[in-house]
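As structure tokens, the structure follows; a few thoughts come after it.
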Amino acid sequence: MLEALKGIASGMKTTLSMLKEPRDTYPYPEKRRELAPRYRGKHMLAVDEDGHELCVGCGLCEAVCPAHAIRVVAAGAEGDRTVSWTERYAVDYEVDLIRCIFCGMCEEACPTNAVRLTPFNELAAYDRRDMIAKKDELLAPPVRR
Amino acid sequence: MVVDAAATVGIDIPVYCYHQALGPLGACRICLVEIEKMPKLMTACTTAATDGMVVHTQSQAAEKGRRGILEFLLINHPLDCPICDKGGECFLQDYVFQYGAGQARFEEAKIQRHKEYPVSPYILVDQERCVLCQRCVRFMGEYVGEEELLMDGRGVHTVITNVPGIPLTSPFSGNVIDLCPVGALLSEPYHYRARPWNIEREDTYCSQCPVGCSSSVTGRDGQVVRLEGRPTPGQWGWLCDHGRFTYDFGAHPTRLTEARLDGEPVTVGRAAQVLGQRLAAVVREHGPDAVAVLTGGSHTVEDHYALRRFADEVLGGSRAGLVKPVEADLPLALLGTFAELDQSDTVLLLGTDPYESAPVVHLALRENVRRRGLVVKALGDRHLLRDTLAGEEWVVEPGGMAAALAAATAGVSEHPDARLAAEGLAPADESLVRLGQALMEPGALTVLWDGREQDLAPALVALARARGEHPTRVLPTFGPRNWLAAARVGIPTDYETSRRILMDAADGRIQVLLLWGADPVRDFPDGDLAARALERCPEVYFGGVFPPDGAELLAGVLPTAAWAEEAGTYVNMEGRLQTGRGAASAPGQARPTRNILQAVARAYGTPLRKLDEWDPYEGTVDDRLVLPPLEGSVRPVSPPPAAESGFRLISGLEVALTHDPSEVAARTKEDRPARMHPADLADLGLLTGSGPVELSSGDRSFRVGVRGDPRIPRGRVFVPRGLRGVPINRLGGIAVAVRAVEEVASR
Ligand code: SF4
Ligand code: SF4
Ligand code: SF4
Ligand code: SF4
Ligand code: FES
């Protein structure tokens, strides 16, 4: 009986002593971890000062992606209304965030520095279809609060 | 040449300007190699390989030479690979990656030129990306003989351009897209469409005419987006633009994508079930003769096999026939090959202008004329030769080709069959004797024939027999594209069988007519008979890709998968079997013919067994149909129709107009399909050289757009066969009245 109480006390000693120690976990979502600026999270598509998309729809990110998570459909600008800074642009740009392994190869392959991985990592959804990021979504990158 | 010698042992030497079909030029110097005992680097494409020659293709000196050439090429190159359509399949990218320097040393501003501007509805030029190899210029100018691309300027300012203000119109212009090693000549319809890594590219054969050119089809997201030429042994991989740019026909708005039964849309499964039950009831009551099957010769060999077994085994021996746009039957024993054409000493164009009816064969003829002096003769009811194909021609009265050929043969040969064929004909005059002499020349003769004039068949047999051991070969330029598939599986391909079937249908002796890709009202030479058959036959069902003329008379429609939507075997005009693969998916409810027929057979109660185990190549020799021996007697050729006053109707086949409906190829589709001599047009008051006319014969008439063509003799109107909305097969006689009509605001 005494032995048992001793055991409990010694176990609780560690537990109780830890109460005074600083915390390693964060009370998400009230408090969030500070991430490195080059953390590889969700993608974004960059736009230049004039509002032209940097992506020209070359498909190199698609080609290099080891998880086949990217799909690019290119088109030519109609008339003078250029979407990107040149004639060619991506009409469709999709990243399947379930497939993506966040390796950053697309970012590295992009000749125009259009696709970038942001530190945004709050990726959750109720429907797996919502996990496919469309172009509009990527052009308006979410910021972590 | 050293490049070719190296290629035979699997050593790759880079080339830009060299192409075997065009011959050596030595313009680009990318092919530098080191040859022992030669003081400097040599161009492998202009140096003949000789015995004992030692060539180093990978030596330091050779690689340094190439690196230098590539550095020069990149001086003014825009390097806009990310937006260049050739990115990923570009020989400049490949060679720079393989041999080039990693870093540019040229820091000055690059020369800017015209970028991605159209030189034809199909072709874009980007002058900045050009490496000035001149392949395109030489192909158009020397090989095709239509100088539509030029080099302009000197030195670093040299550019590729069209004749200012004049777009390319040659039907072979699309080949320069394939020929250009870089992204300087681009396909407009494919512009920005896809990349080599996000497409499916499969070997196939063009489906638009019986030449069946080898090609690769590109599919993206289930749609066909491009067709490219694909070199195979013995073929350079040329395509004509009619074939190249009709790739999208499967997605055309008029394409059949849903099944219909008695006018109502139903599922394919339901339609097949009802058809099976109805067929079973009809055969039970009236026997298998009350059902007949007509194929249009556009489906694959496998599909034709299923169709034949369906008629034989399920229906219990119903008749099957082929609907083709011409009335004559080719004696299959005479069927020739392209290889034989390349060996021939003389070629005879018989009523056909291959430039129009089998375009890539025109290129083969031209190459043979240029390379080894092939002799070209032509016999027709219009001028068949053109600037790019010279020879000697005989223009005879409409309907007089058979009589002329028989008389010419008999005028020179004593052979009894030649005599018999020419029995009752006027003896050959001096000019026809000259034709006879040319045709009786020793050596090999190849005849290109478009299947008009039934009597040409005996005349050709007589000619072949009269020529004795000197080979006589015939290449049929008429469609449908895959009619020899019917011959492969044993469906009769003769005119008489299909005429009998249509006669019986018109007389009410046939209860159910099954049309498989067949459009008899539009294609069958006797259009009235076909129309009567469709009207009188109680139930006509159609399986195919595009609705036939008289679709409102159909009891049911079954949409089938088209070319490039499934793998399948086609038989080209040489009788060669060629299997293409699919790169797209069939839209809507369209299903492969075999699946539909199997569903019908199940509903009938007699499923077809082991349909998929049949091998179309079984029993073929060198992938070619086994030809029957030349036998049977020759019948006398009937004399030509008496000359009449007024205009006479002549016809022929033209791929440019009769290819499948396509939105891409519609960019250059001629809307004045008929042709007349310009002077005749002027006489009719059409001073602008074209306009709508009304053709009438008896109580029949129709309107058609006509344009001037000096190659049509005066007093004749040329109207192509098999055109939608141009029912020349329902006009009756060949004597027609022509009247200019007011331009009606159309469409
Ligand atoms: S994001 Fe970059 S690599 Fe991807 S398609 Fe656009 S330009 Fe090309
Ligand atoms: S031609 Fe080749 S190297 Fe030049 S931009 Fe196009 S892909 Fe790049
Ligand atoms: S356009 Fe292409 S094929 Fe023509 S010269 Fe330039 S690089 Fe050669
Ligand atoms: S010649 Fe005939 S088969 Fe060849 S590309 Fe032209 S249409 Fe197609
Ligand atoms: S390929 Fe030899 S010089 Fe161009």
Q.
If you wrap a convex hull around the alpha carbons of chain B, what volume per residue comes out, as a whole number of Å³?
A. 182
Q. From the backbone phi of segment A:79-92, what are the Karplus-calculated ³J(HN,Hα) couplings (6.51 cos²θ - 1.76 cosθ + 1.60, θ = phi - 60°) in whole Hz, Gly and Pro given as x?
A. x, 8, 7, 7, 8, 8, 6, 9, 5, 8, 8, 9, 6, 10
**Q.** Förster radius 60 Å - calculated FRET efficiency between B:K40 and B:M503, Cβ distance, rounded to 0.05
**A.** 0.20
Q.
Give me, ordered by chain and number, the residues 5 or more places off A:H43 or on other chains with an amide H under 5 Å from its own placed amide H.
A. A:T118
Q) Per residue and in Å³, how big is the convex hull formed by the alpha-carbon atoms of the protein assembly as shown? A) 275
Q | For segment B:647-740, the fraction of alpha-carbon pairs in successive 10 Å shells from zero, as % | A | 17, 51, 28, 4
Q. Using a basic spin-label model with each label point 7 Å from the Cα along Cα→Cβ, how many nm lie between B:Q20 and B:E63?
A. 2.9
Q.
Taking every DSSP beta bridge with both residues inside the protein assembly as shown, roughly what % is antiparallel (nearest 5)?
A. 60
Q: Could you grab the relative contact order for segment B:2-192? Cα pairs under 8 Å, six or more apart, rounded to a whole percent.
A: 19
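In whole Å and largest first, what semi-axes does the C-alpha gyration tensor of segment A:35-110 yield when each eigenvalue is scaled by 5 and square-rooted? Intermediate results must be reported in sequence, preceding the final value.
Working: eigenvalues 114, 45, 16 Å².
Those come to 24, 15, 9 Å.
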Q) Say the dipole of the protein assembly as shown comes from +1 at the beta carbon of Lys and Arg and -1 at that of Asp and Glu; which of B:T497, B:G691, A:M18 then lies farthest toward its positive end? A) A:M18
**Q.** Other-chain or far-sequence residues with amide H under 5 Å of B:L649's (modelled H)
**A.** B:V717, B:A735, B:V736
Q) Do any cysteines of chain A lack a neighbour Cys whose Cβ is under 4.7 Å away, and which are they? A) A:C55, A:C58, A:C65, A:C100, A:C103, A:C110
Q) Which shape class applies to chain A: rounded if a/c is under 1.5, otherwise prolate when a/b exceeds b/c and oblate if not, where a ≥ b ≥ c are the square roots of the Cα gyration tensor eigenvalues? A) prolate
Q | On Cα atoms only, tilt of A:2-18 relative to the major axis of chain A in degrees | A | 40
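Viscosity 1.567 mPa s, temperature 4 °C: give me the Stokes-Einstein translational D for segment B:2-192 in µm²/s, with Rh taken as the Kirkwood radius over C-alpha pairs.
74
Under the definition of partner shielding as Cβ atoms of other protein chains within 10 Å of a residue Cβ, what is the mean value for peptide A:53-60?
Details: counts 0, 0, 1, 4, 4, 9, 8, 6.
That average works out to 4.
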(Q) From the phi angles alone, apply the Karplus equation (6.51, -1.76, 1.60; θ = phi - 60°) to segment B:110-120 and give each ³J(HN,Hα) in whole Hz, x where the residue is Gly or Pro. (A) 7, 6, 9, 9, 5, 10, 6, 10, x, 10, 6
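Once you have the Cα-Cα distance between B:E89 and B:A679, take 0.36 nm times their residue separation minus that, and quote the gain in nm to one decimal.
Values: separation 590, 0.36 × 590 = 212.40 nm, distance 5.03 nm.
The B:E89-B:A679 span can extend by a further 207.4 nm.
Let me check against my output: what whole-number percent is the relative contact order of segment B:647-740, with C-alpha pairs under 8 Å and at least 6 apart? Please report the intermediate quantities before stating the final value.
Working: 176 pairs, mean separation 39.6, N = 94.
Once normalised by length, the contact order is 42 percent.
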Q. What value, in deg cm²/dmol to 500, does the helix sum -39500 (n - 2.57) over DSSP H runs of n ≥ 4 give at 222 nm once divided by the residues of chain A?
A. -6000 deg cm²/dmol
Q | Local net charge near B:S697, Cβ-Cβ under 15 Å (Lys/Arg +1, Asp/Glu -1) | A | +1
**Q.** Förster radius 56 Å - calculated FRET efficiency between A:L2 and B:S585, Cβ distance, rounded to 0.05
**A.** 0.10
(Q) Among B:T47, B:P14, B:L335, whose Cα projects farthest towards the positive end of the dipole of chain B, with charges put on the beta-carbon of Lys, Arg (+1) and Asp, Glu (-1)? (A) B:P14
Q. Which residues in segment B:554-592 place their backbone N less than 17 Å from a point set 7 Å from the Cα of B:Y617 along the Cα-to-Cβ direction?
A. B:567-572, B:575-582
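Relative to 2.2 N^0.38 Å, what does the C-alpha radius of gyration of segment B:173-214 come to as a ratio? Two decimals please. Walk me through the intermediate numbers first.
Working: Rg = 12.3 Å, N = 42, 2.2 N^0.38 = 9.1 Å.
Expressed relative to 2.2 N^0.38 Å, the Cα Rg reads 1.36.
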Q.
Can you compute 3J(HN,Hα) from phi for each residue in segment B:457-473, using the Karplus curve 6.51 cos²θ - 1.76 cosθ + 1.60 with θ = phi - 60°, rounded to whole Hz and x for Gly and Pro?
A. 4, x, 5, 6, 4, 4, 4, 4, 5, 5, 6, x, 7, 6, x, 10, 10
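Of all the C-alpha pairs in segment B:49-154, what % are more than 19 Å from each other?
Values: 3221 of 5565 pairs.
Of all Cα-Cα pairs in segment B:49-154, 58 percent lie more than 19 Å apart.
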Q. Most mobile of A:G41, A:G57, A:G79 per a Gaussian network model of chain A (Cα springs, under 10 Å)?
A. A:G79
Q) How large is Rg/Rh for segment B:332-476, to two decimals, with Cα atoms and a Kirkwood Rh? A) 0.93
**Q.** Dipole of segment B:171-241 [Lys/Arg +1, Asp/Glu -1 at C-beta], most positive-end residue of B:Y190, B:L227, B:W238
**A.** B:Y190
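Only helical DSSP H runs with n ≥ 4 go in: add -39500 (n - 2.57) per run for chain B, normalise by residue count and round the 222 nm mean residue ellipticity to 500 deg cm²/dmol.
-7000 deg cm²/dmol
Where a number appears in this text, it was derived from the coordinates with a stated rule and is not lab data. Everything numeric here is computed off the predicted structure, so don't read it as measured data. Cβ coordinates were reconstructed from backbone atoms using ideal geometry, including for glycine residues, and neighbour counts include every protein chain displayed.
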